[in-house]
Amino acid sequence: MKKTAFTEIHRSIGAKLVEFAGFEMPVQYSGIIDEHLIVRKKVGVFDVSHMGEFIVKGKDAEAFIQRMTINDVSKLFAGKVQYSAMCYDEGGIVDDLLVYHCGDHFMLVVNASNTKKDFDWLKSHASGDVELTDRSDEYSLLAVQGPHSLATLKKLTKVNLSALEYYHFQRGTLAGVEMIISRTGYTGELGFELYFPSDESLGKKVWQAVFEAGKEFGIAPIGLGARDTLRLEMAFCLYGNDIDQTTNPLEAGLGWITKLNKGDFIGKKAILKAKEAGLKRKLVGFSLAEKAVARHGYPLSVSGAEIGHVTSGTFSPSLERAIGLGYVAAGNDEVGKKLNVVIRGKEVPASIVKLPFVQKP
């Protein structure tokens, strides 16, 4: 298993380590519910160094990314980040990703479990003056998330973090280390993601500085377990659960990043065709009447007839009730509609709710 620059730190503070995407990663420390609420109320730090980072250079780099992704890259400028996705010719999703405009080049940040697949996909379509490099092993990545993340990190840098808008980034020095400071995250909270060279001594330096700065706010390390419950409360899609190669971005609620009015891109024809024919299913959020958790793959039914399936489910620590995402057949997606989650043969009542589950001000 691969390690990150923080693996020994995780082990020394009692993290429960598991294999994830080929890496030894912390799934939890004090417990998922406790960690989840720390991020919602205080500030937490995630090691997400397992994510993939690709650098795209060359005079045709922008045109290449425009053809490979569904969002409109031409709207980006240096210092701006864009959420996007790549699709297959048939309209299914290769992966969702972030596109960073770094001035003279781009950085693509992809899901850890898809790094090789994504790189091979991009490489097989590269043409013209495009230089594509997989730099995934060269970056450490810490996500500092929660209402006190700004107050914590402000102590460690001269960069004006207060002026850094959502989905923007800046290069600068933090804790004495040169890095990319990005106003992004996967929790729905105020937060930042820190990209810097993967090196154990640098990692230890940044980790210790961030935890010292956040001590007064009750800062804590957060594992992948709470990362999943936090993103689900915000209805952020998880690749392999809510979206995959069988999913059209429109049915997944990703129409807002699918720019069908831009030039040609891979999957555009299939997505347009599906839209014109009328979407056959839609991703919805639901809340259960009981504490039972809806697991990935569980059937969703109405009056005994199956109408879809669960893609993600958990007990929401913020709402103190069970929630989930799932696909339902067209016509069954209105907020307030009653349905059932079939759990081990038993129909558990649920109802469709407005997304995200947790509304942020």
Take segment 24-39 and flag every residue that is surrounded by fewer than 21 Cβ atoms within 10 Å (Cβ to Cβ) and touching a Ser or Thr at 6+ places or on another chain (Cβ under 9 Å). E24, I33, L37
Which residue is nearest to D96 (Cα to Cα), if the candidates are limited to segment 275-301 and must be of a type in the set (A, V, I, L, M) and surrounded by fewer than 18 Cβ atoms within 10 Å (Cβ to Cβ)? L279
Considering residues that are of a type in the set (S, T, N, Q) and either crowded, with 17+ Cβ neighbours inside 10 Å or outside any loop (DSSP other than H, G, I, E, B) (or both), the number found within segment 246-256 is 2
What about P317, is it closer than 22 Å to I33 by Cα, not assigned by TED's automatic domain parsing to the domain that holds D89 and not aromatic (F, W, Y)? yes
Scan segment 152-173 and give yes if some residue there is out of contact with any strand residue (DSSP E or B) (no Cβ under 7 Å at 6 or more places or on another chain), among the acidic types (D, E) and free of Cβ contacts under 8 Å to residues at least 24 places away in the same chain, otherwise no. yes
Sort out which residues of segment 285-318 are over 24 Å from A274 (Cβ atoms) and under 21 Å from the mean Cα position of the chain (by Cα), and write them in order of number. A294, R295, G313, T314, F315, S316, P317, S318
Which members of segment 213-245 meet the condition of being of a type in the set (D, E), buried (at least 21 other Cβ atoms within 10 Å of the Cβ) and within 17 Å of H309 (Cβ to Cβ)? D242
Given the conditions (1) out of contact with any strand residue (DSSP E or B) (no Cβ under 7 Å at 6 or more places or on another chain); (2) of a type in the set (A, V, I, L, M); (3) assigned to a loop (DSSP other than H, G, I, E, B), and given that L230 satisfies all but one, which numbered condition is not satisfied? (3)
Among the residues of segment 68-89, what is the count of those that are assigned to a helix (DSSP H, G or I) and surrounded by fewer than 19 Cβ atoms within 10 Å (Cβ to Cβ)? 2
Is it the case that segment 25-43 has a residue that's part of a loop (DSSP other than H, G, I, E, B), farther than 20 Å from L98 by Cα, in contact with a strand residue (DSSP E or B) (Cβ under 6 Å, 6 or more places away or on another chain) and not polar (S, T, N, Q)? yes
Checking L141 against (1) outside any helix (DSSP H, G or I); (2) over 14 Å from the mean Cα position of the chain (by Cα), which single condition isn't satisfied? (2)
For segment 124-145, the count of residues that are in contact with a strand residue (DSSP E or B) (Cβ under 6 Å, 6 or more places away or on another chain) and either without any contact (Cβ under 8 Å) to a residue 24 or more places away in the chain or not β-branched (V, I, T) (or both) equals 12
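The values are calculated or read from the model by the stated rules, or taken from the named source; none is laboratory data. Note that this is a predicted model, so its numbers are computed, not measured. Cβ: placed from backbone, ideal geometry, glycine included. Neighbour counts: every protein chain shown.
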